[in-house]
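Comments concern the structure below.
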Amino acid sequence: MQNFIAVFLGGGLGALLRYLVSLIAGRLIGIELPYATFIINITGSLFLGFVLALAFNKSVEPNHNLMIFLTVGLAGGFTTFSTYSYESLVLIRQGKLFQSALYLFLSPAIGLISVYIASLLGRHYN
């Protein structure tokens with residue numbers, strides 16, 4: 001049950017931070033390009049990489065609930081791109097280069113196709 005609460009609280013905080021970064025970036029940088037999403041994806045990846053590096057440090061035993069809060073909750077609510085990036089790195093480190101390349105290519109390609117198809121369906125039902 002504590003895991004669910006950690007994910008719930010972290011996810012809510014991550015989503016709120018995502019919204020705030022979007023507002024601030026939009027006002028400061030503009031919206032000509034999706035700068036906010038770019039900033040969120042990069043900072044989320046940096047955050048997740050840092051937290052996981054600390055967790056895997058053999059001299060420190062991470063608190064399981066805190067890790068769930070920070071990784072699945074906060075980072076996941078802020079951006080799933082960070083998880084996508086980390087999982088790709090894990091595949092590369094495991095020597096699964098083909099699977100990594102497939103994952104790296106297919107996720108955004110199929111995601112883009114899915115959004116396109118869903119937008120067509122949405123227009124059809126509108």
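The values are calculated or read from the model by the stated rules, or taken from the named source; none is laboratory data. Predicted model only: the values in this text are computed from it and were never measured. Positions of Cβ are generated from backbone atoms using ideal geometry, with glycine treated the same way; all protein chains shown enter the neighbour counts.
Details
- Note on region 6-33: residues that are within 11 Å of G76 (Cα to Cα) and free of Cβ contacts under 8 Å to residues at least 24 places away in the same chain total 0.
- Taken as a whole, the structure leaves F105 outside the set of residues that are under 15 Å from the mean Cα position of the chain (by Cα) and at pLDDT 90 or above.
Rundown of residues vs (1) in contact (Cβ under 8 Å) with a residue 24 or more places away in the chain; (2) over 15 Å from G10 (Cβ atoms); (3) not in a helix (DSSP H, G or I), yes/no style:
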position	(1), (2), (3)
I68	yes, no, no
G73	yes, no, no
G76	yes, no, no
S85	yes, yes, no
V90	no, yes, no
Q99	no, yes, no
L102	no, yes, no
A109	no, yes, no
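- Looking across region 73-90, just one residue is more than 23 Å from S22 (Cα to Cα) and either touching a Lys or Arg at 6+ places or on another chain (Cβ under 6 Å) or among the acidic types (D, E) (or both), and that is E87.
- When region 1-57 is limited to residues that are assigned to a helix (DSSP H, G or I) and of a type in the set (F, W, Y), the one that is surrounded by the most Cβ atoms within 10 Å (Cβ to Cβ) turns out to be F47.
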